[in-house]
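Notes follow once the structure below has been shown.
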Amino acid sequence: MDTLLEKRLQEASGKKRVYFDHAATTAPADEVIDLVTEILRQHPGNPSSFYREGHQAARILEEARASVASGLGVLPEEIFFTSCGTESDNWAVKGTAHARQGRGRHLITSTIEHHAVLHTMEALEKEGFEVTYLDVDDKGLVEPDQLEKAIRPDTILVSIMMANNEIGTIQPVGRIGEICREANVIFHSDAVQALGAIPVKPRDLNCDLMSFSGHKLYAPKGIGVLFKRKGLRIDRLLDGGAQERRQRGGTENVAYAMAFARACELALKDLDRESKRQTKLRDRLIKGVIEAVPHTKLNGHSELRLPNNANFSFEFIEGESILLLLDTLGYACSSGSACTSASLDPSHVLLGIGMPAEIAHGSLRVTIGRKTSEGEIDRFLIDIPLVIERLRDMSPLYADFRKGKLEALIPPEGGVDVRIDGGYDLV
Ligand code: PLP
């Protein structure tokens, strides 16, 4: 039997693969790779050394710092290079908790943060800190009033991400920053997914600490940045040498610091045009999927959402099987965040927005990027209904639904606003 799906599967091997997992990582830009290669070849010195080669490396490092600072609208001495976004999150949260524990031991975060923050909070709980995990609404938004109520006299830190890596929801960080400033509580925001996608100005957001990662920004993996407001003292995470103004030990990754700076510069130069282009592609994708595949919903907010993110739940099937079939058809997508995709537990973010586990299991994240074309979206819109149809044909749940033994949680048209079990809105 040669169905359309079989035909598409046969054709796929001759076609270019489509990369739809830019929230997991982005391929370094050619210009960035060239710059890294040049620095590694021409400037291998240690920036701490007292001779010409060292001074040259130090000059490049400081140039990179100044460039990142200028892009973020902050001072160069407020920029610290780290090894990744995870280190920046760990340093911000643990460093603040340890430095301020004399004033209180209460921390606030949300249930849908990245594990780099959530697991750090759990580690601090084991040390005796108390953590309040704020619930989010069904679109993934933190409610500022709830935050205000959760702040206590012994609260020392609030950590709320700027944009979610799974469902793309953009938090009201400006308001959150105001609340923290008024309450004299340190505010950290994980902006790993936000930088390069939406405007990010830590000072305008009353943010004291902000984390970034190079590999979400078309720079290599293994470089991150922590913005730390001037005058704020937090404990070190890495003890060692006197690098990074005595606040982070470890010989600096000069080439990758410059890679981060150049990638940031490239992203910011084109931010407005590219984010509009991606938003258009994203909306074409969302509309096309919801219209073509029954019993499907969009997860996250329809407007307060990253320009590159679409996250769907397809009822009656498993995200993993969707990924496998899509992979064979030539697509790289994700069923959750990169860190949870190896586990079969439903994503904590989808459960956090109140989604029943059976729907959360059938979720797919599609994140587009700088090189994504309209043609790739249209190719996907041909393939995805075939994939879902095939998997549903093999699904015992779908068979039960067809026999009338099981009710659908997501209506056929998907885009209707219906409440299930008190709190779960279908978009
Ligand atoms: N925070 C968010 C929101 C992320 O999406 C990621 C990566 O997936 C990280 C932190 C961790 O960054 P890195 O991979 O550079 O450690």
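The values are calculated or read from the model by the stated rules, or taken from the named source; none is laboratory data. Keep in mind the model is a prediction, meaning the values are calculated, not measured. For neighbour counting, all protein chains shown are included, and Cβ atoms are generated from backbone atoms with ideal geometry for every residue, glycine included. Keep in mind that these areas ignore ligands, DNA and RNA; they rest on the heavy atoms of the full protein, side chains included. Shrake-Rupley method; radii C 1.70, N 1.55, O 1.52, S 1.80 Å.
Once the C-beta distance of L232 and Y133 is scaled by a Förster radius of 22 Å, the resulting FRET efficiency is 0.35 to the nearest 0.05.
For the pair L5 and K403, a Förster radius of 25 Å applied to the C-beta separation gives a FRET efficiency near 0.55, rounded to the nearest 0.05.
In this simple spin-label model, placing a label point 7 Å from the Cα along the Cα-to-Cβ direction at both R203 and S373 gives a separation of 4.2 nm. For region 43-269, the Cβ-based charge dipole about the Cα centre amounts to some 820 debye (Lys, Arg positive; Asp, Glu negative; other atoms uncharged). Region 250-385 has equivalent-ellipsoid semi-axes of 28, 20, 15 Å, by the square roots of 5 times the alpha carbon gyration tensor eigenvalues, sorted largest first.
At E38 and Q101, where each label point lies 7 Å from the Cα along Cα→Cβ, what is the point-to-point distance in nanometres? With each label placed 7 Å out from Cα toward Cβ, I get 4.7 nm.
The residues of region 43-269 expose, per residue, 38 Å² of accessible area to a 1.4 Å probe. Highest average first, the peptides 112-122, 374-384 ordered by how many other beta carbon atoms sit within 10 Å of their residues are 112-122, 374-384.
Our note on the geometry: Cα centres of region 44-89 and region 90-129, 27 Å apart.
Think of the chain as a dipole: +1 on every Lys or Arg Cβ, -1 on every Asp or Glu Cβ, centred on the Cα centre; then among V158, L237, L304, L237 lies furthest on the positive end.
Look at the dipole of region 43-269 built from charges on Cβ: of S70, P220, V142, the Cα furthest out on the positive end belongs to S70. Charges were assigned to the Cβ only: +1 to each Lys and Arg, -1 to each Asp and Glu. The resulting dipole of region 274-417 about its Cα centre is roughly 420 debye. Note on region 43-269: Cα-only Rg and Dmax are 17.2, 58 Å.
Gain on full extension, evaluated as 0.36 nm per residue between T111 and R245 minus their Cα-Cα distance, stands at 44.9 nm. Taking the Cα centre as origin and putting +1 on Lys and Arg beta-carbons and -1 on Asp and Glu beta-carbons, what dipole magnitude results for the chain, to the nearest 20 debye? Taking the Cα centre of the chain as origin, the dipole is about 1100 debye. The gain in end-to-end length when the S302 to D272 segment is fully stretched comes to 8.9 nm, 0.36 nm per residue minus the alpha carbon separation. With a threshold of 21 Å on the Cα-Cα distance, the over-threshold entries among K16/K371; K149/K297; K221/K280; K139/K216 are K149/K297; K221/K280; K139/K216. Taking every DSSP beta bridge that has both ends in the chain, the antiparallel portion is near 55%. Shape of the chain from its Cα gyration tensor (a ≥ b ≥ c, root eigenvalues): rounded if a/c is under 1.5, otherwise prolate when a/b > b/c, or oblate? Since a/c reaches 1.5 but b/c is at least a/b, the shape of the chain is classed as oblate. Selection among Q56, V117, A261 by position relative to the dipole of region 43-269 gives Q56 as farthest towards the positive end (Cβ unit charges, Cα centre).
What is the sum of charges around H348, taking Lys and Arg as +1, Asp and Glu as -1, for the other residues whose C-beta is under 10 Å from the C-beta of H348? That sum, taken over residues with Cβ under 10 Å, equals -3. The protection proxy used here, the mean number of other Cβ atoms lying within 10 Å of each residue, ranks peptides 78-87, 131-140 as follows, highest first: 78-87, 131-140.
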